[in-house]
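One structure below.
Only the coordinates and a few stated rules stand behind these numbers; no lab work does. This structure is a prediction, so every number in the text was calculated from the model and none was measured. Ideal geometry is used to build each Cβ from the backbone, glycine not excepted, and the neighbour counts take in all protein chains shown.
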Amino acid sequence: MSPEGLSQEDKYEKFFKGDKWILPTDIGLVGRIEQELLTKLTKDSLWTEDEVEAFVYGIFGEALINAIAHGNLDVIKTKSDDEPIDVLCKKKQDTFPELTKKPININITIEREKIVVSIHDAGKGFDYETFLSDINDPTSSDRLMDKMGRGIASYIKLSEDEVGYSDGGTTVTLTKTKTTNS
């Protein structure tokens, strides 16, 4: 139990109410956030776990990590960095705890045929139009060993899901549409 008398699980429970989540910047919460979204998407039986699992743990998870790491924590991973992004983020959070106060806003719309999830960070944004035009095939043989720059690019290039950026690159909107064989 924490000093406030709440377990770590109970402490974060309040963040996952409704369709608009305002979350702290904490790379350690990514797995919990993914699980909460999966539960929410399958709660009313409009979608099955099989239909949304890849969306939640793939494109959503990658976009969430990008919002936390690159947006709010301003972590820039270079090709010479041997440490995983979550380790770099944890170090930054520990060194600059004030950054964890920056919010991550997640808005969720669930319909029978479509799911729309937007993630908004409090970072400085990025030139997403240049990013999207510069994406090379992240699965090409010359990129397979790249330590960075393949995550969201893979999903944009290879996924059936839609990805859109707005607000100067601080908001990413992910759309999952039901396929006829789902």
Give a residue-ordered list of calculated ³J(HN,Hα) values for region 12-26 (Karplus: 6.51 cos²θ - 1.76 cosθ + 1.60, θ = phi - 60°; whole Hz; x for Gly, Pro). 9, 3, 4, 6, 9, 8, x, 10, 10, 9, 10, 10, x, 7, 8
Full-extension gain in nm, T39 to T179, via 0.36 nm per residue minus C-alpha separation: 48.4 nm
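May I ask you to derive the FRET efficiency for K17 and S80 from their Cβ-Cβ distance with R0 = 35 Å, giving the value to the nearest 0.05? List each step's numbers first, then the result.
Numbers: r = 42 Å, r/R0 = 1.20.
Plugging the Cβ-Cβ distance into 1/(1 + (r/R0)^6) gives 0.25.
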